[in-house]
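Undergrad: Here's a structure for you.
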Amino acid sequence: MTRNGSLGGVVLAGGYSTRFGESDKAVADLAGTPMIRRVVDRLATVTDDCVVNCRTDQLEPIRDALSDSDVDLRYATDPVPDRGPLSGMQVGLEALDCEYAAVVACDMPFVDPTLLEVLYDRALGRDGAVVRLADGWLQPMQAVYRAETMARVCEERLSTGDGRVMAALERLDVATVAEADLEGVSDRTFDSIDTQAALRDATRRLE
């Protein structure tokens, strides 16, 4: 639990992960543990409520992958499959009963809970907090948002046909944290495993 109060968590797993191949990267084995399980376990150390967003056809295999987890999980399935991360955020955030939520993609198994605590502290009183990466881009898939506000903005953007996450961020009052200023945060926190080659590399590092 975060020291400032209640923080929820949303794990985004609903994409078709075409770069990964025919299998679902969410449940891919990463050194003996399903990738989504690694994300959920890390997220659970700093959240009070955790929701997994996925497609209906993913529900059973993801439940199986998380069956022995000690985390009290809930699932929020997409009413329309694969509308993109903005839709997944909306569905997941609407299922939470927390003012703020950490949102993490299922292919980021090295997410550092310390980063989420830092972002939560910076988000308080605003619509969220995101990291500005060294290349200048924002990292919206490992960020903290005011749940109700972000869900509403996601719905608004999707209704206009603009499903870009950045289009939603432009409508929010978010704090930005420079990647270079993240003291004590793992430099692997933003590593994403979206190809089979990346999975093999991550497995070698863990083993």
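Undergrad: For the chain, what is the relative contact order in percent, using Cα pairs closer than 8 Å and at least 6 residues apart in sequence?
TA: Computed over the chain, the figure is 25 percent.
Undergrad: Can I ask one more? What whole number of Å gives the distance from the Cα centroid of region 19-43 to the Cα centroid of region 104-171?
TA: 21
Undergrad: With a point put 7 Å past each Cα toward its Cβ, work out how far ARG63 is from THR33 in nm, to one decimal.
TA: If labels sit at ARG63 and THR33, their model points lie 2.4 nm apart.
Undergrad: So how far apart, in nm, are the two label points at ASP48 and LEU172 if each is 7 Å from Cα heading toward Cβ?
TA: 2.0
Undergrad: Going by the alpha-carbon gyration tensor, a ≥ b ≥ c the square roots of its eigenvalues, is the chain rounded (a/c under 1.5) or, if a/c is not under 1.5, prolate (a/b greater than b/c) versus oblate?
TA: The shape class here is rounded.
Undergrad: Give the range of the longest stretch in the chain that excludes all chymotrypsin sites (Phe, Trp or Tyr not before Pro) found in loop regions by DSSP and having at most 13 other beta-carbon atoms within 10 Å.
TA: 17-136
Undergrad: Expected output is a single nm value to one decimal: the length gained when fully extending between THR56 and VAL71, i.e. 0.36 nm times separation in residues minus the C-alpha distance. What is it?
TA: Working: separation 15, 0.36 × 15 = 5.40 nm, distance 2.07 nm.
That pair, THR56 and VAL71, stretches by 3.3 nm at full extension.
Undergrad: Once label points are set 7 Å from the Cα along Cα→Cβ at both SER6 and ARG204, what is their separation, rounded to one decimal in nm?
TA: The two pseudo-label positions are separated by 4.6 nm.
Undergrad: Hey, what number do you get for the chain at 222 nm if only DSSP H runs of n ≥ 4 count, each worth -39500 (n - 2.57), divided across all residues, to the nearest 500?
TA: It lands at -9500 deg cm²/dmol.
Values quoted throughout were computed directly from the atomic coordinates according to the rules given, and no laboratory measurement underlies them. Predicted model, so just to flag it, every value in this text is computed and none were measured. Heads up, the Cβs are rebuilt from the backbone with ideal geometry, glycines too, and the neighbour counts pull from every protein chain shown.
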